[in-house]
Amino acid sequence: MYLATTGRRPDAPLRPSGVGRRVPGTVIALGAVSLVTDVSSEMVTAVLPLYLVLGLGLSPLQFGFLDGLFNGATALVRLLGGRLADRGGGRHRTVAGVGYLLSALSRLGLLLAGGAAGGIAAALAADRLGKGVRTAPRDALISLSAPPEALGRAFGVHRAMDTTGALLGPLVAFAVLWATADAYDAVFVVSFAIGLLGVLVLMLYVPAGAGIPAGAAAPAVAPRPAVARKPAVGPRPARERTRALADPVFRRVVTAAALLGAATIGDSFLYLLLQRGLDLPPLLFPLLPLGAAACYLVLAVPAGRIADRTGRRTPFLCGHGALLAAYLTLLAPPVWPTAVLTLVLLGVFYAATDGVLMALAGPVLPAEGRAGGLAVLQTGQALARLVGAAGFGAAWTWWGPRPALLAAALALAAALAAAGRILPTREAS
């Protein structure tokens, strides 16, 4: 039995063969929330460099420092979001809602900040704080709402809807700029309104008790010996979470994900290498991420279904194999076919790894500590990727782009071989 099936309790009833083939309504609702929120966030992401650098006169170094600082902080805030969601049980929707609301209010903060650097920094901090707080509770909600044997498909559907919002956001932003003669304030107002719509969808269509596993309350009222009842009050959830995070199978998943993350150089470098190789004009540079995102959108659901049928380990490793192929493709002479192939391979990488990793790790964790466990996994992977990106940037500065890319490909190949040995292949007995 593959690792993907480890989430079913021994006393849980078996599902009929037809159950679980459809994605649960909670997952669809969360996908709708992510779609709407991504439209809001990507509207701002698309115009923020222009607004800060051209509109307010910040230097690229100042903007890069602000963006990098808050992106790094997001990884650490995920731990807070996961911990809060697990406390008391069933707080996943509430904590996620706070995160979505913070991100929506950050658009209003950009509007009110004007040109004040402190106000801009506070608004960016609120956006990253909101994103960090909501990510682990949201993924835990997906993991707890779908049956273990259909988690790959559930995460694939969610990621596809999320990516749809990411594709629509820049288009909406440029439409607003065109209609208002480049009024950045109008973009922030529209983004704020759309962000609030996402919070409203979450509160209306995601059940309040979606984060509480079915039957979780039963042991509390079932007749038990007095000795077993007393310690269950108070400290038990903390011990359950600690035991979950110390699980050797989960620890191996975290180690493999972090190892592979440290060998990932970052999408921005890939797009910059493509732009330099093809000598693209700066105006066409924003179109490069759309190519990878479109491929991700098309493949997210099929990749999830394949992961459910074959086990999540193989697609996860194959996805990183596609990323390695993208690095090797960039080493070839820069022509349009290789550029298109690179973007396709990058989309395959995200489709086969992003949601699949959550589906791989989720069933290993107990329901009481799932959000916290996923937060640890996401934080470790994000921090490892920051290290990888910084290392590649240093290698580019010292050796040049081509030797740095070759070194990155060798590092990823080594990490992929190691991860293949580290990741568990079957359920621990």
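The values are calculated or read from the model by the stated rules, or taken from the named source; none is laboratory data. Note that the structure is a prediction, hence the values are computed from the model and not measured. For neighbour counting, all protein chains shown are included, and Cβ atoms are generated from backbone atoms with ideal geometry for every residue, glycine included.
General observations
- Subset of region 149-187 [in contact with a Leu (Cβ under 8 Å, 6 or more places away or on another chain), part of a helix (DSSP H, G or I) and small (Gly, Ala, Ser)]: Ala160, Gly165, Ala186
- Breaking point among (1) under 17 Å from Leu259 (Cβ atoms); (2) surrounded by 16 or more Cβ atoms within 10 Å (Cβ to Cβ), for Ala359: (1)
- Where a residue in region 362-383 is basic (Lys, Arg) and its partner, wherever it lies, is in a helix (DSSP H, G or I), with Cβ under 7 Å and at least six apart: Arg370/Ala140; Arg370/Ser143; Arg370/Leu144; Arg370/Gly362
- One residue stands out in region 95-139 among those that are modelled with pLDDT of 90 or more and among the β-branched types (Val, Ile, Thr): the one that is nearest to Leu200 (Cα to Cα), namely Val98.
- Residue in region 351-373 that is farther than 30 Å from Arg87 by Cα and more than 20 Å from the chain's Cα centre (by Cα) present: no
- Candidates Leu346, Leu317, filtered to the one that is assigned by TED's automatic domain parsing to the domain that holds Leu423, buried (at least 21 other Cβ atoms within 10 Å of the Cβ), in a helix (DSSP H, G or I) and not charged (D, E, K, R): Leu346
- The residue that is surrounded by the fewest Cβ atoms within 10 Å (Cβ to Cβ), among those in region 161-206 that are in contact (Cβ under 8 Å) with a residue 40 or more places away in the chain and either charged (D, E, K, R) or not assigned by TED's automatic domain parsing to the domain that holds Val47 (or both), is Asp185.
- Subset of region 321-355 [among the aromatic types (Phe, Trp, Tyr) and either touching a residue at least 40 places away in the same chain (Cβ under 8 Å) or touching a Cys at 6+ places or on another chain (Cβ under 7 Å) (or both)]: Tyr327, Trp336, Tyr350
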